[in-house]
1. If you take the square roots of the eigenvalues of the alpha-carbon gyration tensor of chain B and sort them as a ≥ b ≥ c, do you get rounded (a/c under 1.5), prolate (a/b over b/c) or oblate?
2. Looking at A:VAL149, C:LEU183, A:SER163, which one has the Cα that reaches farthest to the positive end of the dipole of the protein assembly as shown (charges on Cβ: Lys, Arg +1; Asp, Glu -1)?
3. Can you give me the Cα centroid spacing of the stretch C:175-212 and the stretch A:111-129 in angstrom?
4. Please build a GNM for chain B, connecting alpha carbons under 10 Å apart, and tell me which residue among B:ILE191, B:ILE54, B:ILE257 fluctuates the most.
5. If you count the DSSP beta bridges with both ends in the protein assembly as shown, what percent of them are antiparallel, to the nearest 5?
6. Could you tell me how many degrees, from 0 to 90 and to the nearest 10, lie between the Cα long axis of helix C:140-152 and the main elongation axis, the longest principal axis, of the Cα atoms of chain C?
7. Taking a probe of 1.4 Å, how large is the accessible area per residue of the protein assembly as shown, in Å²?
8. What is the mean number of Cβ atoms from other protein chains located within 10 Å of the Cβ atom of each residue in peptide A:123-130, rounded to a whole number?
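The values are calculated or read from the model by the stated rules, or taken from the named source; none is laboratory data. Note that the structure is a prediction, hence the values are computed from the model and not measured. Glycine also receives a Cβ, built like all others from the backbone with ideal geometry; neighbour counts cover every protein chain displayed. These area figures cover heavy atoms from the full protein model, side chains too; ligands, DNA and RNA do not enter into them. Shrake-Rupley method; radii C 1.70, N 1.55, O 1.52, S 1.80 Å.
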Amino acid sequence: MHSNNKVLAILKAASAGTLLFLHIPLAIILLYAFTTDETTYTFPLPGITTQWFAVALARQDLWAALALSVKVALVATAIAMVLGTMAAAAVYRSNFFGRESVSFLLVLPIALPGIVTGIALRSAIGGLDIPFSFWTIVIGHATFCVVTVYNNVLARFRRTSNSLVEASMDLGANSFETFRHVVLPNIGTALLAGGMLAFALSFDEVIVTTFTAGQQTTLPVWIFSQLTRPRDRPVTNVVAMIVILITALPIFLAQKWTSDSSDANENGK
Amino acid sequence: MFKFLSTYLYLRPKLVLGLLLGPPMIYMAVVYLGSLASLLVNSFYKLDSFTGLIDRQFTLETYAQLFQRSNLDILIRTTTMAAAVTITDALIAFPLAYTIAKVAGKRAKSFLYLAVMLPLWSSYLIRVYAWKLILSKEGIISWLFNLVGLNPLLDWILSLPNIGGSSLALSPIGVFIVFCYIWLPYMILPIQAALERVSGTLEEASSDLGAKTTQTFFNITLPLSMPGVIAGSIFTFSLTLGDFIVPLSLGNSKYFIGQAVYSHQGTSGNVPLAAAFTMGPVLIMVIYLLIARRMGAFDAL
Amino acid sequence: MANGITAVSFEKVSRSFGEIKAVDQVDLEIRDGEFFSLLGPSGSGKTTSLRLIAGFDRQTSGSIHLYGQDVSDLPPYERDVNTVFQDYALFPHMNIADNIGYGLMIKKVPRHERDNKVEEMLNLIQLQGVGSRKPSQLSGGQRQRVALARALINNPKVLLLDEPLGALDLKLRQQMQVELKSLQKRVGITFIFVTHDQEEALTMSDRIAVFNKGKIEQVGSPAEIYEHPSTSFVAGFVGVSNLIKGQVSLRLAGTDATYSIRPEKIHLTNPLQAGQGVVIANGSVRDVVYLGLYTRYLVELEDGGDLVVVEQNLHTTSMDVLALKGKKVSLSWKKEHMRLIGD
C-alpha cells in the first residue's frame with residue numbers, strides 16, 4: 001500500500017505540473033495587459049497602468065479587423081450550421097453505402113495540416129483568377145467549421161430516440177412540423193454548441209486565412225503581424241487579454257450545454 | 001402546401017437523402033476536394049524563373065527541386081521537430097490524462113476536463129504570443145534563471161549548435177517548447193478518452209491475479225491506452241508539420257515546411273513549389289493515418 | 001364488440017430488407033373493436049407488421065387497408081391510427097400536459113379546449129396533477145400511462161401497442177394487463193398489440209395471430225390457439241407442448257402423423273381407467289421438478305421420446321413426487337386431447 005501512495009503522489013504532482021504549464025501562459029497574458037513597458041517584455045513588470053486599454057479602444061484598424069473577423073465567423077458559422085446539420089441528419093437517418101466517406105470528407109480539413117487547406121484554396125483561387133474578398137475567407141473557413149457542427153449534432157441524434165420522430169408523425173405532425181416541434185428542440189443545444197465551437201474556430205483562424213484573405217486584415221492576421229514584427233506591444237498585450245476573455249465564454253457555454261443535456265437524457269432513460 | 005410537400009418527400013426517402021446530403025457534399029467536393037486537386041495539379045507546374053510566371057506545362061522539375069539540399073533539410077528538420085514534439089507531449093500528457101480518467105472523482109473530473117478544454121479552445125495566436133513574452137531575453141524565464149543563479153546554464157544551452165540561438169524566443173528550443181505547449185491538449189484528450197474505456201475491472205482482475213500496481217500499469221493499462229496515444233499523435237504530428245506561425249514568431253532563419261510554403265506562395269509567387277512542399281506533409285500524414293488505422297486508433301479519435 | 005366491420009386488412013403484404021424478408025406475403029384481417037395480438041419471437045415480423053400499419057415503414061409489395069381505405073401510400077400523419085411505443089417515446093423537452101396535448105396542438109385545437117381534454121385524459125389514467133412535470137420525473141409505469149393518454153386523446157380508430165409492457169416489472173405488468181384490457185372495453189376501439197409473451201397474449205386478446213419467420217402460422221382466439229395449434233411451431237411457442245410423432249404415434253394412435261398434447265392433459269399419479277378413447281403409454285420418470293402449486297415431470301417413454309407432464313399437487317407432497325424419480329410409471333390421457341398437427 002505504501003508504494004501505491006507514493007505512485008499516487010507522484011501522479012498528482014505531475015498532473016498539477018501539467019495543469020500549471022497549461023494555464024500559467026494564459027495568466028501571464030492577463031498580467032502583461034497592465035505593464036507600463038512599451039518596448040520590451042520585461043519581467044517583473046516595471047510598472048502597472050490601465051492606460052493602454054484606452055489606447056487600444058481608440059484604434060480604428062483594430063476595430064475594423066475585429067469587425068471583419070466577427071462578420072466572417074458569423075457567416076461561416078451559419079453556413080456550417082446548415083451544412084453540418086444536413087449531413088448529420090442524412091448520416092443518422094439512413095444506413096447508406098458510403099456514410100464513412102462522408103465523415104471522412106468532413107473531417108479531412110481539420111485532419112490535414114492547416115497549411116494544406118490554405119495553399120490548396122490559394123491555388124484554386126489563383127487558378128480561377130478569383131479576386132480575394134470577404135467571401136474567399138468565409139468559404140475557406142466554412143470548410144473546416146462544418147465538421148464541428150456535424151460531430152455535435154450527430155452525437156445528439158444518436159442519443160435521441162428514433163421513435164420520437166415517429167411518435168410526432170404518428171400524432172399527426174408532418175415532416176416540417178416534426179422538425180420544428182420535436183427535432184429542433186432536441187438537437188438545439190447541440191447545434192448551438194457546435195455553432196459556438198465553429199465560431200471560435202473561425203474567429204481564431206490564421207493559417208488558412210493568410211492564404212485566402214489577400215490584403216484584408218482579420219484580427220488574427222493583425223495579431224500575427226505583431227508576432228513577427230512587434231510594433232504596438234502594449235496594444236497587442238491588451239488585445240491578447242481581451243481575446244482570451246472573450247473566447248473563454250463560448251467554451252464555457254458550449255461545455256455547459258452539451259453536458260447539461262446529456263444529464264437530462266440519462267435521467268430520461 | 002407543406003403537408004403536400006412533406007408527403008411527397010416521405011414517400012421518397014432516397015430523394016430526401018439526396019437533398020440532405022447534396023448541399024454539404026457538393027460544397028465539400030467543389031470547394032475542398034477541388035482545391036486539393038488544383039493543389040496537386042499546381043505541384044506539377046513550374047515557375048518560369050525568367051518571366052516570374054507560372055508555366056502551365058506538366059513537369060516534375062518542381063518536385064526535383066524538393067530534393068535540393070536546402071529543401072531536403074527543411075523536410076527533415078520539420079519531421080524531426082514533429083516527432084520530438086509528439087513524443088514529448090505523449091510523455092507529459094499521460095499522467096494528467098490518467099488522473100482525469102482513473103483517479104479523479106466526479107466533480108474533480110469535470111473541473112479538470114474543463115481545465116484542459118479551456119487552453120485548447122482559447123486563441124492559438126494569443127497562446128503563442130504568451131510564450132513570446134515568457135521566452136524573450138528580458139522575460140520571465142531569464143528572470144527565473146537569474147533568480148536562482150543559473151543563467152550560465154541558460155547561456156550554455158543557448159550556445160549549443162542547432163538548437164540554441166540569441167535568446168530562447170529566437171531559437172529552435174523555443175519553437176520546440178511552444179509547439180509542445182500549443183498541441184498538448186490534443187494529446188491529453190484522446191489518451192484520457194482511451195483510458196476511460198479501459199474497464200476498471202480489467203485492472204482489478206490484474207491485481208487480483210497478483211500483479212503489482214506498476215505491473216498492472218505496464219501490462220494492462222498502457223497497452224490498452226495506446227490507441228489514444230496514437231490518435232493524439234495524429235494531431236500533434238500533423239499540426240506541427242503544417243504550422244508556420246510558431247517558427248515565424250519564435251524561430252531563427254532556418255525554415256520549416258510551413259514557412260517555406262508561406263514564403264514561396266507569398267513573396268515569390270511560386271505556387272508550384274509551395275504546392276510540391278505541402279505534398280510532403282500530405283504524404284507523411286496519409287502514411288501515418290494508414291498505420292494508425294491499422295492499429296485501431298480511429299476509434300479513439 | 002366485434003361487429004363484422006374490418007378495421008385493418010393486409011393483402012399479400014411483404015416487407016424485405018435486402019435479402020431478408022421481414023414480412024412475407026401476409027394476409028390478415030383485424031375486426032373493428034377487437035383486442036388483437038401479434039404474437040411471435042423476435043424477428044418474426046410482428047413489429048414490422050405493426051410499423052406497416054402505422055406507416056413508419058412501407059411495404060415492399062401488397063396493400064394495406066384501414067376501414068376500407070387504401071393507406072398503403074399514406075404517411076403516418078395521414079392515418080387514423082395512434083401508437084404506444086415500446087420506449088414510450090415521450091418528448092423529453094415537453095412537460096406531461098404538452099406531451100398529451102401534442103396531437104391536438106398539431107391539429108390547432110384552441111388552447112382552452114386542449115387543456116380540458118388533457119385534464120380529462122389525466123383523470124382517465126389517474127395521474128391528476130402531474131401535467132407540469134417532465135417525462136424524466138415519472139416512473140416507468142406512469143410514463144407508460146402518459147404514452148397511452150397521448151395516443152388516445154386523438155380518438156384514433158385503431159390503437160397500436162408495441163410491446164408496451166416490456167419494460168415493466170412483473171407485478172406492474174400483470175396489473176397493466178388488466179387495466180389495458182378494461183380500458184379497451186371502455187373506449188371500444190380496436191387495439192393491436194405486439195408481444196413476444198404468449199401468456200400476455202392469451203390473457204388479453206380476443207384474437208391472436210402467431211408470427212414466425214415473416215409469415216402468420218395461425219390466427220384464432222386464445223382458446224383455439226392453445227387447444228388447437230395448427231402447426232408444431234404454434235404448439236411449441238404457445239404454452240408447453242409435447243409432440244408425438246413417428247414410431248411413437250404409430251404405436252399409440254395407429255398413424256405416423258404428428259400430434260401435440262398439453263402436459264396438463266396427461267395423468268401420472270392418478271391414472272385413467274383403460275378403455276375406449278384412453279391412451280396408455282409406459283415409461284420411466286427421468287426428472288422431477290417440484291414447483292409448489294404443481295410438479296413437472298420428465299418421462300422417458302419405452303417407445304422412445306420424452307413427454308413433459310404437469311400435475312397439480314392436490315393430494316401429493318414434495319416427498320411423494322420426488323420419490324417418483326427413476327420409477328417406472330404408466331401415463332394415460334384421453335385420445336381427444338391429442339391434436340393433429342398440420343405440418
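1. Numbers: a/c = 1.92, a/b = 1.02, b/c = 1.88.
Here chain B falls in the oblate category.
2. Positive-most Cα among the choices belongs to A:VAL149.
3. 64
4. B:ILE54
5. Values: 50 of 68 bridges.
Given both bridge residues lie in the protein assembly as shown, the antiparallel proportion sits at roughly 75 percent.
6. Roughly 60 degrees, rounded to the nearest 10.
7. 45
8. 6
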